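The values are calculated or read from the model by the stated rules, or taken from the named source; none is laboratory data. Treat the numbers as computed from the prediction; the structure is a model and nothing was measured. Note that each Cβ is placed from the backbone with ideal geometry, even for glycine, and that neighbours are counted across all protein chains shown. Keep in mind that these areas ignore ligands, DNA and RNA; they rest on the heavy atoms of the full protein, side chains included. Shrake-Rupley method; radii C 1.70, N 1.55, O 1.52, S 1.80 Å.
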Amino acid sequence: MSDQIFIFLALGLYFAGMLLIGYLAFRRTSDHEDYMLGGRDLPPWVAALSAGASDMSGWLVMGLPGAIYASGLIEAWIAIGLTIGAWLNWKFVAPRLRAYTEIAGDSITIPSYFGRRLRDRTNLLRITAAIIILAFFTFYVSSGMVAAGKFFESSFGWTYLNGVLLVAAITLLYTLFGGFLGATLTDVAQGLLMFAALVAVPIVAVFKIGSPGEIVDGATAANPDAFNLFAGDDGTALLVLSIISTAAWGLGYFGQPHIIVRFMALRSAADAHYGRIVSTTWMIITALGAITTALIGVAYFNGPDPAKAIEDPETVFLLLSQIFFHPLVAGFVLAAVLAAIMSTMSSQLVVCSSALVEDLVNLTGRKAPDTALLMYGRIGVLVVALVGLVLALDPDSAILELVAFAWAGFGAAFGPIILLSLYWRRLTAHGALAGMIVGAVTVFVWGNIDSLSDRMYEIVPGFLLNLLVAVVVSLVKPQADPEVEAEFDLMERELSASRGDIDLATAE
């Protein structure tokens, strides 16, 4: 049996498993709210693994190792910033958002939460948020398809387009019918698979190549700054700016709809405490695995033998797995790469679908039956997938660049508004709308001016300007509403009660 057959057998089993989970989720999806939010019944460990898998995408196994392979450990500030950001998100956003979205009219999407929390009777805030979701998620979904095309091209010699079409079709199938629950359950399986692969590849590679000392020596010989977290520009100020810019990825967590929607689906606010433990542990271990794999790749591929050199740094994880594992095991490791790609795409498609149906179609005033809303949701998934497919037709697109732009867009447009809405009762609809627009526009402008984006990641100015504008406009044009005050107080009381539940469970 040839190596290719073993690999395709593993991939076939993986694809079959994803479709089976999608079918089982389809059997449990009976109405529109089930399709969009899974009935708010996710256990914390499921939400944590799902959030991690849907967050990391192809950048964890392709983009991040590729960046570190090319530039050294200086790029690890992305992982450091993201890990800190994820912990803060679970600590300060998850419990409040879970409580508040249910109090604020049982909101099942981020735009509907904004509209109901801030009593926006014009619906401009909700419509703007939905449009921002659709705009930036087309880039994000496209990045997953680009990663899929590169995966099959480098691993099997397929054409780029065939790889894109295969992964897009299978992801679309289980998301189309399984909805939020299908995306979440497949995320859990994919998160566990990614975890296993990112632990196994560096450990096996070390044993195959030699001692850790030999790998360090080889990597340092190939790149003297391979293990230098502070390499870069000679000027101290420029280096500090570079580190801040890279670590600022962590700011983006507060505004990522496909991640924070998991918080809304938790069984209770108290579950956020346990979700944070699982999520942080998963992130630290997988990030260390990706970083270690990249550094091993520097030592292995950049040695004295020029025949080992690789053209695309983003394929370093794929190549090492095929070199050091039996083809069947390598097939499952390669499936983990697909898991990273597909888990993010499916989550994003569901959020886009909710933005189309819940936040745009429903605002027309037509009262559609639940079965019609369910159908509209599936049509929304299909439409967004097709648009992402068109954008992914360019094989020269860099995965990390596409992800970085979309991540910055959501972080700058939604992050400050999420935080203010949860912690500052005086935020108004006008302030939120103005800040959101300023944040999104800043990312678009700053991100397309190389002299600016090369020096500072566009999420930083976008986030800060959004925060400033939202606060100033809210203070200049206050909007007192007794119902808003009452809901804010109720949210605070529920959080106090949930903290008591955690303390009691810990004591027991």
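Structure summary
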item	result
Residues of segment 447-478 classified as outside any helix (DSSP H, G or I) and either over 16 Å from Met436 (Cβ atoms) or open to solvent by less than 60 Å² (accessible area, probe 1.4 Å) (or both), total	8
Qualifying positions in segment 326-347 - surrounded by fewer than 21 Cβ atoms within 10 Å (Cβ to Cβ) and not aliphatic (A, V, I, L, M)	His326, Pro327
First in segment 196-217 and on the phi > 0 side of the Ramachandran plot, second anywhere and surrounded by 13 or more Cβ atoms within 10 Å (Cβ to Cβ) and not β-branched (Val, Ile, Thr), Cβ under 9 Å, 6 or more apart	Gly210/Gly218
Leu229 vs. criteria in contact with a Leu (Cβ under 6 Å, 6 or more places away or on another chain), within 24 Å of Ala404 (Cβ to Cβ), of a type in the set (A, V, I, L, M, F, W, C) and surrounded by fewer than 24 Cβ atoms within 10 Å (Cβ to Cβ)	yes
Unmet requirement for Leu490, which otherwise passes all of (1) open to solvent by less than 60 Å² (accessible area, probe 1.4 Å); (2) at pLDDT below 95; (3) of a type outside the set (Ser, Thr, Tyr)	(1)
Phe317, sole failed condition from (1) in contact with a Ser or Thr (Cβ under 8 Å, 6 or more places away or on another chain); (2) surrounded by fewer than 16 Cβ atoms within 10 Å (Cβ to Cβ)	(2)
Residues being assigned to a helix (DSSP H, G or I) and open to solvent by less than 20 Å² (accessible area, probe 1.4 Å) - total across segment 75-117	23
Yes/no for Val146 being within 16 Å of the chain's Cα centre (by Cα), among the β-branched types (Val, Ile, Thr) and at pLDDT 75 or above	yes
Condition check for Ala269: out of contact with any His (no Cβ under 8 Å at 6 or more places or on another chain), not hydroxyl-bearing (Ser, Thr, Tyr) and not in a helix (DSSP H, G or I)	yes
Qualifying residue in segment 96-112 (condition: farther than 25 Å from Glu492 by Cβ and touching a helix residue (DSSP H, G or I) at 6+ places or on another chain (Cβ under 7 Å))	no
Complete set of residues in segment 292-308 that are open to solvent by less than 60 Å² (accessible area, probe 1.4 Å) and either aromatic (Phe, Trp, Tyr) or at pLDDT below 85 (or both)	Tyr300, Phe301, Gly303
Every residue from segment 53-74 that is farther than 23 Å from Val333 by Cβ and open to solvent by less than 10 Å² (accessible area, probe 1.4 Å)	Gly72
Some residue of segment 378-388 being part of a helix (DSSP H, G or I), over 18 Å from Met342 (Cα atoms), open to solvent by 40 Å² or more (accessible area, probe 1.4 Å) and modelled with pLDDT of 75 or more	yes
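Yes/no matrix, rows are residues, columns are (1) open to solvent by 10 Å² or more (accessible area, probe 1.4 Å); (2) not in a helix (DSSP H, G or I); (3) not hydroxyl-bearing (Ser, Thr, Tyr):
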{"site": "Val201", "(1), (2), (3)": "no, no, yes"}
{"site": "Val204", "(1), (2), (3)": "yes, no, yes"}
{"site": "Lys208", "(1), (2), (3)": "yes, no, yes"}
{"site": "Ile244", "(1), (2), (3)": "yes, no, yes"}
{"site": "Tyr253", "(1), (2), (3)": "no, no, no"}
{"site": "Phe263", "(1), (2), (3)": "no, no, yes"}
{"site": "Ser279", "(1), (2), (3)": "no, no, no"}
{"site": "Ile285", "(1), (2), (3)": "yes, no, yes"}
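Results for (1) among the aliphatic types (A, V, I, L, M); (2) touching a strand residue (DSSP E or B) at 6+ places or on another chain (Cβ under 9 Å); (3) under 21 Å from Ala94 (Cβ atoms), shown as yes or no for each residue.
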| site | (1), (2), (3) |
| --- | --- |
| Ile417 | yes, no, yes |
| Tyr423 | no, no, yes |
| Gly435 | no, no, no |
| Val438 | yes, no, no |
